[in-house]
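Undergrad: Just dropping this structure here.
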Amino acid sequence: MAKIIVVTSGKGGVGKTTTSAAIGTGLALKGKKTAIIDFDVGLRNLDLVMNCERRVVYDFVNVINEEATLNQALIKDKRTEGLFILPASQTRDKDALTQEGVQRVLNELAETFDYIVCDSPAGIEKGAHMAMYFADVAIIVTNPEVSSVRDSDRILGILQSKTMRAETGGEPIEEYLLLTRYSPERVEKGEMLSVEDVEDILAIQLLGIIPESKTVLKASNQGVPVILDDESIAGQAYEDAVNRLLGEEVEHRFLTVAKKGFLKRMFGGNQ
Amino acid sequence: MKFLDYFKSKKVDTASIAKDRLQIIVAHERHNRDQPDYLPALQKEILEVIRKYIPIAEEQISVNLDKNQDLSVLELNITLPDEEVA
Ligand SMILES: Nc1ncnc2c1ncn2[C@@H]1O[C@H](COP(=O)(O)OP(=O)(O)OP(=O)(O)O)[C@@H](O)[C@H]1O
Ligand SMILES: [Mg+2]
């Protein structure tokens, strides 16, 4: 049985696609056969982050409409064994995703995959609902900032009431907080909410803290999931998060201000 | 003195202000979403009944359900316009 993970947030631009690409790749690196589905219909972006934008022939909506088979639409990742991408459609039709259609595709994937990662669009409209509806696990991507935290809390409310598990009275969805774009320097100065602050408010289990890092943009420029960059602290933090997701206990890192040595200060560390 | 104050005031811990504000708004929003689904409809119907007799605005009525372990209280608050009270 596959585990369905939704990467969601409410607020836009907080790092859902970056996270879906990193976690999906991380799971595949651990030997789990993984599919990442882009639910952002109309605003496809996962393909760029995963560097497969020129290999898109069919998309998620084509499969739902039975214009293509799942095998025709799934793109096999060229770098990571056991990783597949199902790109979003560029259609502007908001009703392209139907609950029955999404369920059929997920069921078919579940036959052969270990993990299905659903990259949710921002907002609380249909696309976001469809991405979370069948989830077993939810990763709530949150930035240490007031609007993002508030929207995450709203998303938690929706996860607890408007999903299949909630509606059928099943086991509740496992909810995890992933705090991204975290800057220990700014937290130390009292300019940014700390991990503890956000945990106090949202009161869900912490999956990881991804530091703000220039390597994330560098990675997306090249279409390489940041988890594949061994030198990146963001990549390492994502790797820890994947291990926690798989049940390992891993201590949280990169929470304190890195003391830069003289040379690093002169030439700049490559975080 | 003013000059020094300026620098002092820059040291305000804005993160703790953010946390306080979030705690208040999130508690408020959670309370609202814990209310049963029928509450808005119930409120609307009560409003219509009252309006048959007294002209009141939508903000003048509030319906709340307080659930405790062994007792639930449906609280209904209606603010009447001054002239109608007498
Ligand atoms: N840890 C990080 N450090 C620095 N930049 C980051 C980090 N995480 C994400 N970003 C940047 O934030 C931007 C938005 O990221 P991303 O596209 O993953 O967000 P999203 O939540 O998927 O957005 P949308 O809601 O539009 O789908 C990107 O430019 C990305 O490079
Ligand atoms: Mg995105």
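The values are calculated or read from the model by the stated rules, or taken from the named source; none is laboratory data. Keep in mind that what you see is a predicted model, and the values were worked out from it rather than measured. No Cβ is skipped: glycine too gets one built from the backbone with ideal geometry, and neighbour counts run over all protein chains shown. Side chains included, ligands, DNA and RNA excluded: accessible areas come from the protein's heavy atoms. Shrake-Rupley method; radii C 1.70, N 1.55, O 1.52, S 1.80 Å.
Undergrad: Which residues, counting only those in the range A:212-228, are crowded, with 23+ Cβ neighbours inside 10 Å, away from ligand 2 (no atom under 16 Å from the Cβ) and under 16 Å from the mean Cα position of the chain (by Cα)?
TA: Scanning the range A:212-228 gives a single hit, A:Ile227.
Undergrad: When you go through (1) within 14 Å of chain B (Cβ to nearest Cβ); (2) away from ligand 2 (no atom under 16 Å from the Cβ) one by one for A:Lys11, which number turns out not to apply?
TA: (2)
Undergrad: Inspect the range B:62-81 for any residue being small (Gly, Ala, Ser) and open to solvent by 100 Å² or more (accessible area, probe 1.4 Å) and give the result as yes or no.
TA: No: the range B:62-81 contains no residue that is small (Gly, Ala, Ser) and open to solvent by 100 Å² or more (accessible area, probe 1.4 Å).
Undergrad: Take the conditions over 15 Å from the mean Cα position of the chain (by Cα), over 18 Å from A:Ile37 (Cα atoms) and either more than 14 Å from chain B (Cβ to nearest Cβ) or modelled with pLDDT under 95 (or both) and apply them to A:Arg150. Does it pass?
TA: Criteria not met by A:Arg150.
Undergrad: Continuing with the same structure: Taking B:Tyr6 and the conditions (1) loosely packed, with under 11 Cβ neighbours inside 10 Å; (2) over 26 Å from A:Val149 (Cβ atoms); (3) modelled with pLDDT of 80 or more, which numbered condition does it fall short on, given that it satisfies the others?
TA: For B:Tyr6, the failing item is (3).
Quick grid of which residues meet (1) in contact with a strand residue (DSSP E or B) (Cβ under 7 Å, 6 or more places away or on another chain); (2) aliphatic (A, V, I, L, M); (3) under 13 Å from A:Ala21 (Cβ atoms):
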residue	(1), (2), (3)
A:Val57	no, yes, no
A:Val61	no, yes, no
A:Glu67	no, no, no
A:Leu70	no, yes, no
A:Asp77	yes, no, yes
A:Thr80	no, no, yes
A:Ala88	yes, yes, no
A:Asp93	no, no, no
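Undergrad: Of everything in the range A:10-51, what is more than 9 Å from ligand 1 (Cβ to nearest atom) and among the β-branched types (Val, Ile, Thr)? Give them in sequence order.
TA: Listed by number, the residues that qualify are A:Ile23, A:Thr25, A:Thr34, A:Ile36, A:Ile37, A:Val41.
Undergrad: Of the numbered conditions (1) within 12 Å of ligand 1 (Cβ to nearest atom); (2) outside any strand (DSSP E or B); (3) open to solvent by less than 70 Å² (accessible area, probe 1.4 Å), A:Val7 satisfies every one except a single condition; which is it?
TA: (2)
Undergrad: Open to solvent by less than 50 Å² (accessible area, probe 1.4 Å), more than 16 Å from ligand 2 (Cβ to nearest atom), within 12 Å of another protein chain (Cβ to nearest Cβ) and not hydrophobic (A, V, I, L, M, F, W, C): which single residue out of A:Asp136, A:Asp197 fits that description?
TA: It is A:Asp197.
Each row is one residue, and each column tells you yes or no for (1) more than 16 Å from ligand 2 (Cβ to nearest atom); (2) touching a residue at least 40 places away in the same chain (Cβ under 8 Å); (3) in contact with a helix residue (DSSP H, G or I) (Cβ under 6 Å, 6 or more places away or on another chain).
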{"site": "A:Tyr58", "(1), (2), (3)": "yes, no, yes"}
{"site": "A:Ala73", "(1), (2), (3)": "yes, no, yes"}
{"site": "A:Phe84", "(1), (2), (3)": "yes, yes, no"}
{"site": "A:Gln90", "(1), (2), (3)": "no, yes, no"}
{"site": "A:Gln99", "(1), (2), (3)": "yes, no, no"}
{"site": "A:Glu174", "(1), (2), (3)": "yes, no, no"}
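Undergrad: Could you check A:Arg54 against (1) surrounded by fewer than 18 Cβ atoms within 10 Å (Cβ to Cβ); (2) in contact (Cβ under 8 Å) with a residue 40 or more places away in the chain; (3) more than 16 Å from ligand 1 (Cβ to nearest atom); (4) outside any loop (DSSP other than H, G, I, E, B) and say which number it fails?
TA: A:Arg54 satisfies all of (1) surrounded by fewer than 18 Cβ atoms within 10 Å (Cβ to Cβ); (2) in contact (Cβ under 8 Å) with a residue 40 or more places away in the chain; (3) more than 16 Å from ligand 1 (Cβ to nearest atom); (4) outside any loop (DSSP other than H, G, I, E, B) except (2).
Undergrad: Examine the range A:101-122 for a residue that is touching an Asp or Glu at 6+ places or on another chain (Cβ under 7 Å), of a type outside the set (Asp, Glu) and either under 30 Å from B:Ala15 (Cβ atoms) or open to solvent by 10 Å² or more (accessible area, probe 1.4 Å) (or both), and state whether such a residue exists.
TA: Yes, the range A:101-122 has at least one match.
Undergrad: Moving on to the next point. Can you give me the number of residues within the range A:23-41 that are more than 12 Å from ligand 2 (Cβ to nearest atom) and part of a loop (DSSP other than H, G, I, E, B)?
TA: Residues meeting the conditions: 4.
Undergrad: Only one residue in A:Glu231, A:Glu239, A:Glu175 is under 16 Å from the mean Cα position of the chain (by Cα), among the acidic types (Asp, Glu), more than 21 Å from A:Ala2 (Cβ to Cβ) and open to solvent by 20 Å² or more (accessible area, probe 1.4 Å), so which one is that?
TA: Being under 16 Å from the mean Cα position of the chain (by Cα), among the acidic types (Asp, Glu), more than 21 Å from A:Ala2 (Cβ to Cβ) and open to solvent by 20 Å² or more (accessible area, probe 1.4 Å) holds for just one of A:Glu231, A:Glu239, A:Glu175, which is A:Glu239.
Undergrad: Identify the residue in the range B:35-66 that is outside any helix (DSSP H, G or I) and touching a residue at least 24 places away in the same chain (Cβ under 8 Å) and, among all such residues, is nearest to A:Asp153 (Cα to Cα).
TA: Within the range B:35-66, the match that is nearest to A:Asp153 (Cα to Cα) is B:Gln35.
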